[in-house]
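Notes to accompany the following structure.
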Amino acid sequence: MRVQFNLFILSVFLVLGSCKKESSETVTQEEINKQSSALNAWFEKQFQEDLALSPQGQTNLGYKTNYGKWDDISSEMMLTNLNNAKERLSYLENEVNVNALDSVTAVSYKLYVLNMKNDIEDYEYRFYNYPVNQMYGLHSSVPAFLINKHRIDSIADAEAYISRIKGVKPLFTELRNQLGIRESNQIIAPKFVLDRVLDDSRNILKGRPFEKSQEQMPILADFESKIDKLKLDSASKDRLMLEATNALIDSLQPAYNELIDFVENQKIRATTDDGVWKFPRGDVFYGIALKRTTTTSMTAEEIHELGLSEVARIQGEMKEIMKQVKFEGSLQDFFEFMRNDSKFYYEDSNEGRAAYMNKAKSIIDDMRGRLDQLFITKPKAAIEVKQVESFREKSAGKAFYNSPAPDGSRPGVYYANLYDIKAMPKYQMQALAYHEGIPGHHMQLAIAQELDSLPKFRKFGGYTAYIEGWGLYCEYLPKEMNMYKDAYSDFGRLAMELWRACRLVVDTGIHHKKWTREEGVAYYKENTPNAESDCIKMVERHIVMPGQATAYKVGMNKILNLRSKAQSELNDKFDIRAFHEVLLGQGALPLSLLEERVNTYITTEKQKQ
C-alpha cells in the first residue's frame, strides 16, 4: 500500500476538473464496456504495484509473498509514492474518456483522482504525525502484527517469522531516523505520549528470553504456540525455537533498547503542549485533517458548535430516562450513580472478564440471527470476539475491529479491552458490540471486500466519516428493533452517542482552541458517565490522531438525514433493507458521493411508483 499521510481521504466536495479526453459524442455500450474494463485493469495494475511495495500489506490480504519482510518507512519511499501519484494523476486526467465509463467505474475514477490529488497535497505534511504513540505506534504494532497477522502453516512460514524478528533492528533504526527528522521540523510528541511509548516498549522486553521468568515474552509465546500446531519432530522444533530466541536477543531486544534510549533523550526536549497548533502552519494542517476525516468542508468552529448542540440534545434524552427509572437528582448525579454502582460492572477478576466475553459473544450471535430483517447482502466472512492482548491492553482503545483476510484464512475480529473493567460497563455492551461487530464494522467492511464490482483500491480503502458514521448508526439501528430491552441499556446507547458528540467539542477544543489535556479530560468527566480512565484515553487519542474522532458523529448525522429524506419521499414504498443495500453496495464513499447515490435511489424508486 502507499505510505500515506496519516489521515484519511478528502471528499468529493471539490469539483473535478474536466479531462482532455472528454467528448460530447454519443458513446456506444460496446465502447463503455471496453473503456471501463481497461480502466479497471489499470486500477488493478496500480494496486498490485503498491502492494508489491508493502510486505505487510501482502500479509494483511492473506498472501505469503515477501513474508519475512517489513514495510519501507523511509523518506525515499515517501518520495517514490509522491512521484507515482503525480504520474497516475496525469494519466487519469489526460488519457481517460470519462464519458465512456459505466456508472461504477465512473465513481472509481473520481475517487482515484481525489486520492492522487490528496497524496500530492499531503506530501507537504508527511512528517506531521507521531510514528510512536500509544494508539498505533510502530513499537506496539510490530508485536501485534506478528501475533495477529503472521500465520505459520509450515516451516518456511516459521522461518519467515524469525526473519521478521531479525528485521526489527533495521526497521527501528529507520524509525529513529524518522523521529529525528520530525524533531528537526519542530514536530515532537508531548511528554505524556513518550511516557506511554516507554512503558509499552519496556513491557515487550519482559519475560523469557530477556529475563528469568515463568512467562515467555508475547512474541516467543506466540511463536511456540504456532509451531506446536505443525506437529514437528523435536529436532525441528528445537532448531526453530533456538533461532527465534537468538533473533529476539540479537535483534529485537537491542532495537527496543535503542528506541527506549532515543525516546528518553527526546523526552527531555518535549513539552506539554498538546494541539497541532504548535506545529509550523498547524492551523492549515488541522483544517486539512478535518476535511480528510469528515469528507466535508466543515470548519473547526462549525464542528465545535455541532458538538455542543448534539451534547445538549442527547443529555435531554438522558433526562427522560432518569424519569423512567425514577432517579432523583441532577444528570451529573445520575452519571456518578452509573459510574459507581457495582451492579453495572463485571467483577474485576479473570472470572468477571470471562463473563464479559461470553456476554459479548452472545450479543453478536443474537444480532447475527436477525440480519435478514435489515439486509439483503450479508458477508460470507466469519467474526470472532477476542480480548485485547495483555502486552497492549494498557494503552489500546476500549474496543476495535480488525477486518477479515479476503481469502477467508482469517476472520473479522471484534476486540474488547478489559484492562480496566470499570471502563466497560454492562449497559454499554450492546451498543459497543453493534458498532464494532454486527451490524457495524463487520457488515460494512467485510461486504466491501466481497464486492466483485469494485476495484481493490476501493475494497480495501476507506473514508472515516462513512465507516465510523455507519458504526455509530448501527448503535442506533437496534433501538428501532426493540433490542435495548431495558432503560439502562438504552441509556448506554445514548452514552455512547454522547461520547461521540463530546469528541467534536474536545478534538476541536485541543487542536483549534488550544485546550490543554486536562481541560479536555474535565469536559468529558463533566458531560459523560464514562470512567475517568476512559476520559483520559480519549483525550490522549485526540492529541495523537488530530481530527479522526470527529468522523463518527458527522457521518452518523449524514446517514440519518439521508434515511429521513428517503423515508419522507418514498413513504410506504421505503424499504430499510433496500436502503442499506444502497448504503453498502459500493463500499466506502465520501459523504457527498453517498448523498448522490441515495438521491439516485430515491429517483429510481419514485419512477417505479
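Considering only residues of region 168-223 that are aromatic (Phe, Trp, Tyr) and more than 18 Å from Glu258 (Cα to Cα), which is modelled with the lowest pLDDT?
Phe192
Would you mention how many residues in region 471-501 are among the hydrophobic types (A, V, I, L, M, F, W, C) and in contact with a Lys or Arg (Cβ under 9 Å, 6 or more places away or on another chain)?
4
For region 578-609, give me each residue that is loosely packed, with under 14 Cβ neighbours inside 10 Å and closer than 25 Å to Met481 by Cβ.
none
Would you confirm whether or not region 124-145 contains a residue that is of a type outside the set (Ser, Thr, Tyr), surrounded by fewer than 18 Cβ atoms within 10 Å (Cβ to Cβ), modelled with pLDDT of 95 or more and within 26 Å of Leu198 (Cβ to Cβ)?
yes
Consider only pairs whose beta carbons are under 9 Å apart and that are at least six residues apart or on different chains; among these, list those whose first residue lies in region 314-334 and is touching a residue at least 60 places away in the same chain (Cβ under 8 Å) and whose second residue is basic (Lys, Arg).
Once the first residue is touching a residue at least 60 places away in the same chain (Cβ under 8 Å) and sits in region 314-334, its partners that are basic (Lys, Arg) give Phe334/Lys319.
Which one of Asp102, Asp199, Asp195 is out of contact with any Ser or Thr (no Cβ under 9 Å at 6 or more places or on another chain) and not small (Gly, Ala, Ser)?
Matching residue, one of Asp102, Asp199, Asp195: Asp195.
Just one of Lys459, Lys514 is in contact with a Gly (Cβ under 9 Å, 6 or more places away or on another chain) and on the phi > 0 side of the Ramachandran plot; which is it?
Lys514
I need the helices (runs of 4 or more DSSP H) fully contained in region 488-604, keeping only those with at least 3 residues that are of a type in the set (Asp, Glu) and within 28 Å of Gly397 (Cβ to Cβ).
517-527, 532-544
So that you can scan it fast, the table gives a plain yes or no per residue for (1) farther than 28 Å from Gly287 by Cβ; (2) buried (at least 24 other Cβ atoms within 10 Å of the Cβ); (3) touching a residue at least 12 places away in the same chain (Cβ under 8 Å):
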{"residue": "Tyr414", "(1), (2), (3)": "yes, yes, yes"}
{"residue": "Leu418", "(1), (2), (3)": "yes, no, yes"}
{"residue": "Tyr434", "(1), (2), (3)": "yes, yes, yes"}
{"residue": "Leu451", "(1), (2), (3)": "yes, no, yes"}
{"residue": "Lys459", "(1), (2), (3)": "yes, no, yes"}
{"residue": "Tyr466", "(1), (2), (3)": "no, yes, yes"}
{"residue": "Ser489", "(1), (2), (3)": "yes, no, yes"}
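When you scan region 109-226 for helices (runs of 4 or more DSSP H) that lie fully inside it, which ones turn up with 2 or more residues that are within 30 Å of Lys278 (Cβ to Cβ) and of a type in the set (D, E, K, R)?
Helices (runs of 4 or more DSSP H) meeting the threshold: 155-184, 191-204.
I'd like to verify a number: residues in region 93-108 that are in contact with a Phe, Trp or Tyr (Cβ under 7 Å, 6 or more places away or on another chain), buried (at least 21 other Cβ atoms within 10 Å of the Cβ) and not in a loop (DSSP other than H, G, I, E, B), how many?
1
For region 227-252, give me each residue that is outside any helix (DSSP H, G or I) and either surrounded by 15 or more Cβ atoms within 10 Å (Cβ to Cβ) or in contact (Cβ under 8 Å) with a residue 24 or more places away in the chain (or both).
Those that are outside any helix (DSSP H, G or I) and either surrounded by 15 or more Cβ atoms within 10 Å (Cβ to Cβ) or in contact (Cβ under 8 Å) with a residue 24 or more places away in the chain (or both): Lys229, Leu230, Leu232.
Just checking, which of Glu44, Glu31 is assigned to a helix (DSSP H, G or I), touching a helix residue (DSSP H, G or I) at 6+ places or on another chain (Cβ under 6 Å), in contact (Cβ under 8 Å) with a residue 60 or more places away in the chain and surrounded by fewer than 19 Cβ atoms within 10 Å (Cβ to Cβ)?
Going through Glu44, Glu31 in turn, just one is assigned to a helix (DSSP H, G or I), touching a helix residue (DSSP H, G or I) at 6+ places or on another chain (Cβ under 6 Å), in contact (Cβ under 8 Å) with a residue 60 or more places away in the chain and surrounded by fewer than 19 Cβ atoms within 10 Å (Cβ to Cβ): Glu31.
Residue-by-condition table, conditions (1) touching a Lys or Arg at 6+ places or on another chain (Cβ under 6 Å); (2) modelled with pLDDT under 95; (3) part of a helix (DSSP H, G or I):
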residue: Met322; (1), (2), (3): no, no, yes
residue: Asp333; (1), (2), (3): no, no, yes
residue: Met357; (1), (2), (3): no, no, yes
residue: Ile364; (1), (2), (3): no, no, yes
residue: Ile376; (1), (2), (3): yes, no, no
residue: Lys380; (1), (2), (3): no, yes, no
residue: Arg392; (1), (2), (3): no, yes, no
residue: Ser395; (1), (2), (3): yes, yes, no
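The values are calculated or read from the model by the stated rules, or taken from the named source; none is laboratory data. Quick caveat, the model's predicted, so the values are computed rather than measured. Glycine also receives a Cβ, built like all others from the backbone with ideal geometry; neighbour counts cover every protein chain displayed.
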